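What follows is a short report on a single structure.
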Protein chains: 2
Amino acid sequence: MSNATISDVAKKVGVSESTVSRYLSGFKVRNSELIKRAIKELNYRPNIMARNLKSGKTGMVAVIVPDITNPFFAAIVRGAEVAAGDDYMLQLISTGDDPEKEEAAIRRLVGRVDGLIYVPSKENSPAISEIEAKTFPVVFVDRVISKMKNFDSVLADNHHGALLATKHLIEHGHTNIAHIAGPVTSTPGKGRAEGYSAALKDSKIDKNPDFFVESDFTVLGGYQAMMSLLNLKKRPSAVFVGNNLMTIGALKALKEAKVKVPEQMAIIGFDDHELSDLVNPPLTVISRDAHLQGALAMATLLERIKEGYQFPPKQLKVDANLVVRMSCGSTCPYRKTNADKHVLSSSISS
Amino acid sequence: MSNATISDVAKKVGVSESTVSRYLSGFKVRNSELIKRAIKELNYRPNIMARNLKSGKTGMVAVIVPDITNPFFAAIVRGAEVAAGDDYMLQLISTGDDPEKEEAAIRRLVGRVDGLIYVPSKENSPAISEIEAKTFPVVFVDRVISKMKNFDSVLADNHHGALLATKHLIEHGHTNIAHIAGPVTSTPGKGRAEGYSAALKDSKIDKNPDFFVESDFTVLGGYQAMMSLLNLKKRPSAVFVGNNLMTIGALKALKEAKVKVPEQMAIIGFDDHELSDLVNPPLTVISRDAHLQGALAMATLLERIKEGYQFPPKQLKVDANLVVRMSCGSTCPYRKTNADKHVLSSSISS
DNA sequence: AAGTTATCTGCAATCGTTTTTAGAAATAAA
DNA sequence: TTTATTTCTAAAAACGATTGCAGATAACTT
């Protein structure tokens, strides 16, 4: 009952293997009806591994994310998956933010997939020779590796998002504004920290170094960061938290310390969530379309796979919107958006 | 600069391809040092597709889930991934609850992966001949297909969980208890509905058919279900919602209708979330270890791949705990758990 | 040193396709 | 009917590894 091969089909019909192969590839063939029948009767399915070996293609694309459990990354993966359609299947790797695992994973991946969508954990993650040699197509999403800024990427407008967030706080009269940042060694960590600083500078607010605490994008990290903020002799009155997970942690800390939001502490997060609306109080956040990011990444990857490195790297950016709810003191929720223009800029750098 | 093959290495060293191959497989070889050097210099990496073709193994396992964006499924996938370790890589497919897509996906998967972890959307999803013929190992997680109940599976103790939930409501004095159920054509939908009924029966509470509304496991579905409950002339005073997404929808409906929780309506959900603690009011839920479910599934799948269908099907069950917070009227949060015994029963059925 | 045993090696076949090449059959042109 | 042209076909050579077999080295025995 082991699987029938193309030669079984050929034998049964009385033609050569090559004829069956041509039939399968859509060429016109004399006994196509007989072949069709034989295939059905033998329940023949072409051996994909043999086909791959011959063609040098695998029909697969890998996606490396720090953690599929983070809804933001899940959205990216989903976006990539729908954009891939039936053309490519997805291989998933969660690295748990460990650059060594990333490198090991990529090493295994080369030759096993036709391309890679890559969310590196740190900007100084090791570069892979195959990628640099442009023999293994990759597009970076959300984060880039500093040595490889010149590759395809789909980022978010972190700077603008952070600017929006911080300004929103300022507009509510705050001047003692803290920022719980992600690792500044990561693209979004850095970008958002810079946006935060820029907003303060724009409004001529002095930066208090105590109010900037660098954390690690995790719930626990956010919790500890907020706790340290609360332990300051002079507390901030508002805080901009640099990602979704840390915001949850910060909220837990606030709740535990019985600090009233937004009265005693205003808070704004980065990345929206289905539940943000339902927490107490409803959470004001910066939001961007992660699904779209994933889809754009897949689209440019497929293009790159097909065309090779003929065309220059595409560096796409997705916009960030302010979703106003109630955690910053606003009383009436609203959304400040760039209308429908979600792909903000698509700078082509040679 | 195209990739070096094993024959390049062999030529460079002056040995035969088989010798290099043996070296790679860990046999003792005379010129191992030379070979090692040549491999490094040529940057030789064995061609996986050729290896697969020869061995008939792919080193890959697929995971089919309805939607990776649902944190519960993401946890399953993550659990499976860590359990796989370095032995197998994961291929991910989200089917969007479409049985046809499931079937198409499985068809493509056969021959491309060594086994499958499968969360089918409906119990009457089509059976696949390769699976039935036990020529393609599969383990079902969370849900099963009715025709294939005799295969490996890792379910949750839905019945007991639902019983716990409903009893908790009853203990708080409720008698008009509604259930927003998932599709009763799905394993958990059915199991939880039955647990709900059993609890009512145990307490000799008459079942009000108006209070049972079958929905679809989505946020929107939960929202609509709750709305229909609120539109009843005689409203229930408490509701047990059958999964995480529908709970979010129900909560949204409650908020929109300005119904006070738990005073006017007590609510308990199925599946916990990092944010459940932070919503208003903190949500009481039934929780189970989805990560563990995924890990167990992967473990039994790998075993199955290695051993074939010699040993009888394993049907594992993971326990469900009550996590008490405040959405049912309790004032002091606590957790009712089966201590550390998370794998409840492991019934071996021949 | 010769015989016996244990290791290691190269050759060739194999895995199941696709693709090139050259020849056979069919069709069109003269 | 013969020649020129177009289509199809089969045989064979890839693709890049692994493995059984038989012969060659090396390592022990006595």
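The values are calculated or read from the model by the stated rules, or taken from the named source; none is laboratory data. Please read all numbers here as calculations on a predicted model, not as lab measurements. Here the Cβ is made from the backbone with ideal geometry for all residues, glycine too, and neighbour counts use every protein chain on show. Heavy atoms of the whole protein, side chains included, go into the accessibility calculation; ligands, DNA and RNA do not. Shrake-Rupley method; radii C 1.70, N 1.55, O 1.52, S 1.80 Å.
Computed values, structure above
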item	result
Pseudo-label separations to other copies for A:LYS255 - Cα-to-Cβ vector, 7 Å, nm	1.4
Eligible lysines near A:LYS201 by straight Cα distance, threshold 19 Å, same-chain separation 8 or greater	A:LYS167, A:LYS190
Shape category assigned to the protein assembly as shown from the gyration tensor of Cα positions, a/c cut at 1.5	oblate
Residue among B:VAL154, A:PHE72, A:LEU92 farthest towards the positive dipole end of the protein assembly as shown, charges placed on Cβ	A:LEU92
Accessible area per residue in Å² at 1.4 Å probe, computed on the protein assembly as shown	43 Å²
Sulfur and carbon atoms: percent of accessible area, the protein assembly as shown [1.4 Å]	52 percent
Label-point separation, A:LYS234 to A:THR135 (7 Å along Cα→Cβ), nm	5.9 nm
Table column - 3J(HN,Hα) (Hz), the stretch A:245-260, Karplus curve with 6.51, -1.76, 1.60, x for Gly and Pro	5, 5, 5, 4, x, 4, 4, 4, 4, 4, 5, 4, 7, 6, 8, 6
Protection proxy ranking, peptides B:206-213, A:247-254, A:301-308, average beta carbon neighbours within 10 Å, highest first	A:247-254, A:301-308, B:206-213
Cβ neighbours within 10 Å from other chains - mean over A:110-117	3
C-alpha center-to-center spacing [the stretch A:38-79, the stretch B:270-303] in angstrom	28 Å
Rounded tilt (10° steps) of A:158-171 against the dominant C-alpha axis of chain A	30 degrees
Within chain B: Cβ-based charge dipole about Cα centre, in debye rounded to nearest 20 (Lys, Arg +1; Asp, Glu -1)	700 debye
Qualifying lysines (Cα of each under 20 Å from Cα of B:LYS101; at least 8 residues distant if same chain)	B:LYS122, B:LYS147
Lysine pairs meeting the criterion (Cα under 14 Å, 8 or more apart or interchain), as found in the stretch A:6-46	4
1.4 Å probe, heavy atoms, protein only - residues of the stretch B:271-311 losing at least 30 Å² accessible area vs chain alone	B:HIS273, B:GLU274, B:LEU275, B:ASP277, B:LEU278, B:VAL279, B:ASN280
Under 18 Å from the Cα of B:LYS260 - aspartates and glutamates, other chains or at least 8 residues apart	A:ASP277, B:ASP277
Accessible area buried at the B-A interface, both sides summed, 1.4 Å probe (Å², nearest 100)	4700 Å²
Calculated FRET value between A:PHE311 and A:GLU33, using beta carbons and R₀ = 60 Å, to 0.05	0.85
Electrostatic dipole magnitude of the protein assembly as shown [Cβ: Lys, Arg +1; Asp, Glu -1; Cα centre; debye, to 20]	1140 debye
Trypsin sites (Lys or Arg not before Pro) lying in DSSP loop within the stretch B:6-51, provided at most 13 other Cβ fall within 10 Å	B:LYS28, B:ARG30
The stretch B:6-46 shape via C-alpha gyration tensor axes, a/c threshold 1.5	rounded
Relative packing of A:138-145, B:187-194, which averages over residues the other C-beta atoms within 10 Å, highest first	A:138-145, B:187-194
At R0 = 35 Å, FRET efficiency that the Cβ-Cβ distance of A:ARG107 and A:GLU214 yields, to 0.05	0.70
Degrees between helix B:99-109 axis and first principal axis of chain B (Cα, 0 to 90, nearest 10)	20 degrees
Using alpha-carbon coordinates, inclination of helix A:71-84 to the longest axis of chain A, degrees	30 degrees
Prolate/oblate/rounded call for the stretch B:56-124, Cα gyration tensor, a/c under 1.5 rounded	oblate
Full-extension gain in nm, A:LYS147 to A:ASP202, via 0.36 nm per residue minus C-alpha separation	16.7 nm
Simple spin-label estimate for A:LYS54 and B:GLU263 in nanometres, 7 Å along Cα-Cβ	7.4 nm
Efficiency of FRET between B:ARG45 and A:ASP87 - r from beta-carbon atoms, R0 30 angstrom, step 0.05	0.75
Label point 7 Å beyond Cα along the C-beta direction, distances from B:PRO99 to other copies (nm, shortest first)	5.0
Net lengthening on full extension, B:GLU256/B:ALA127 (0.36 nm per residue, minus Cα-Cα)	42.2 nm
